[in-house]
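The values are calculated or read from the model by the stated rules, or taken from the named source; none is laboratory data. In this text the structure is predicted, and so the values were computed from the model without any measurement. Ideal geometry is used to build each Cβ from the backbone, glycine not excepted, and the neighbour counts take in all protein chains shown. Note: areas computed on protein heavy atoms with side chains; ligands, DNA, RNA excluded. Shrake-Rupley method; radii C 1.70, N 1.55, O 1.52, S 1.80 Å.
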Amino acid sequence: MTRATSNENQLTRPKPPSPRRRNFASDNASGMCPEAWSAMAEANAAGHLPSYGDDLYTQRASDAFRELFETDCDVYFCFNGTAANSLALASLCQSYHSVICHESSHIETDECGAPEFYSNGSKLLLCPGALGKLTHDVVRAVARKRSDIHYLKPRAISITQPTELGTTYSPDELSTLTAIAAELGMKVQMDGARFSNAVASIGKSPAELTWKAGVDVLCFGGSKNGMAVGEAVIFFDHRLSLEFDARCKQAGQLASKMRFLAAPWLGLLHDGAWLRNGTHANAMAQRLAAGIAKVPGLCALYPVQANSVFVELPAGTGEALRQRGWLFYNFIGGGARLMCSWDTQPEDVDAVLGDLTAIMHGR
């Protein structure tokens, strides 16, 4: 939504970034990577094709996911992560169920109540945890807090991989959490908006970080990995995806020209562009973190394990950085979040580091 502003307000706003400058506000800010763009162009050149997912590109993209995950999984395409997470959880829960998640998880802090809305009221049970991660003991305590008829029954655990603080769960940590779920009759949903970054960071296969570790459904992010729009919801247990297509339709997530949501995934998955993109973004975050560590008075707030760097800036520093045209968020994680993307370049990192260093030295 845009809104007219007064001339006075316009004068006090930070100057816009250069069209050539990449900003660090979000990996959503980046454009399409060449592989996704080419795949969409190919689908566009194919002419008239069947609608609502009955086309060759949607079938090929679904099969590509099955090959990537080394298993026969059910694949659905949504427009955005809010719908992917919310509809996936709704497929696991009834209205009288609850979902255990970290207190900083995206489904709690940034989905505007969509998980509760689409599940007709399933409650989110929030857990504290260092580095944005759920832990065995806390999840068990929350799950066993009450078992009487008056309380919402825990039905699902939602794991964010990587977390909102840019940390990752190891396969052992995942297996510990999924073991609790199995023991208590719960299912496991993984919010993988930046799943490619997690795979690149941990060095394990997509299968090892999902169904082999006990994950039931994954929401695989495309928008933050070089696509214009689109997420994939991947069910590793066919029973859980029953009538999920109807959920997508009812929620306005069934694209009539589904090939344009599916085809870019072919570009990403065909020769590993999805992993190259994640690896590159992670590398730029490491470069940024290394540079910040050299600036006296600054340090990263959390381990840099994916494509984000969190740093506590002294008073006035963030505003001064914005006045120089840099964009970033500071409402997540207790500090400034600088997010790298598939197309972040070393010169972008060096430029923001240069300005940050100059500000810290009063120049």
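Odds and ends about this structure:
- In the chain, lysine pairs closer than 23 Å at Cα, eight or more apart or cross-chain: 19
- Vicinal HN-Hα couplings computed from phi for segment 70-85 (Karplus, 6.51 cos²θ - 1.76 cosθ + 1.60; Hz; Gly/Pro x): 6, 7, 7, 10, 8, 10, 10, 10, 10, 6, 8, x, 4, 5, 4, 4
- Candidate residues 324, 140: accessible-area rank, largest first, probe 1.4 Å: 324, 140
- Residues with amide H under 5 Å from that of residue 328, placed H, sequence gap 5 or more: none
- Counted by Cβ distance under 15 Å from residue 217, the other residues give a net charge of -2, where Lys and Arg count +1 and Asp and Glu count -1.
- Residue-averaged [θ]222 nm for the chain, counting only DSSP H segments that reach four residues, each worth -39500 (n - 2.57): -12000 deg cm²/dmol
- With protein chains left intact and a 1.4 Å probe, residues in the chain average 46 Å² of accessible area per residue.
- Relative contact order (percent, whole number), the chain, Cα cutoff 8 Å, 6+ residue spacing: 25 percent
- When the solvent-accessible area of segment 278-336 is split by element, carbon and sulfur atoms take up 56 percent of it, the probe being 1.4 Å.
- Förster radius 41 Å - calculated FRET efficiency between residue 25 and residue 45, Cβ distance, rounded to 0.05: 0.75
- For the pair segment 274-296 and segment 132-170, the centres of their Cα atoms are 30 angstrom apart.
- Sorted peptide list for 270-279, 336-345, 183-192, criterion being average Cβ within 10 angstrom, highest first: 336-345, 183-192, 270-279
- Computed from point charges on the beta carbon alone (+1 for Lys and Arg, -1 for Asp and Glu), the dipole magnitude for segment 37-130 about its Cα centre is near 180 Debye.
- Eigenvalues of the alpha-carbon gyration tensor of the chain, scaled by 5 and square-rooted, set the equivalent ellipsoid semi-axes at 33, 26, 20 angstrom, largest first.
- The convex hull defined by the C-alpha atoms of segment 117-217 has an orientation-averaged projected area of 6.6 nm².
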